[in-house]
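Worksheet for the structure shown next.
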Amino acid sequence: MQWRHIEDNWDVFKVIIKQHWHKVDGQQLDKVEGKRARLSKLIEATYGVSRFHAEQQLCNWQDSKINIDGHFYTAETQDRSKISELSARLKIKEQV
């Protein structure tokens, strides 16, 4: 999946990102504006990790949430209703 999909649907993905990186707040994510480099720097600064580790976390997160076709993985999800709602908002179908 290309990052552009996340950037284009930033309001939806902010919620998902906040669930993963709890220390990051909504105002910080608003300033990121969907830019991958900004999010990586935010993770680096907030969690005190190296740039390499921030990028690694971001890549792992992206890979764990969305497959190459842009479908949400459901095995990683605890609340299926949230994924269905997010999928509908993104106009993509959920992978079963």
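The values are calculated or read from the model by the stated rules, or taken from the named source; none is laboratory data. These figures come from a predicted structure and were not determined experimentally. Cβ: placed from backbone, ideal geometry, glycine included. Neighbour counts: every protein chain shown.
Looking at Ile43, is it β-branched (Val, Ile, Thr), at pLDDT 85 or above and in a helix (DSSP H, G or I)? For Ile43, the condition - β-branched (Val, Ile, Thr), at pLDDT 85 or above and in a helix (DSSP H, G or I) - is met. Residue count for the range 35-48 satisfying the condition of being surrounded by 18 or more Cβ atoms within 10 Å (Cβ to Cβ) and within 14 Å of Lys14 (Cα to Cα): 4.
Among the residues making up the range 52-66, those that are more than 12 Å from the chain's Cα centre (by Cα) and surrounded by 12 or more Cβ atoms within 10 Å (Cβ to Cβ) are His53, Ala54, Glu55, Gln56.
Keeping to the range 40-63, report how many residues are among the hydrophobic types (A, V, I, L, M, F, W, C) and more than 16 Å from Val24 (Cα to Cα). Matching residues across the range 40-63 total 2. The residue that is farthest from the chain's Cα centre (by Cα), counting only those in the range 12-28 that are more than 16 Å from Gln62 (Cα to Cα) and in a helix (DSSP H, G or I), is Gln27.
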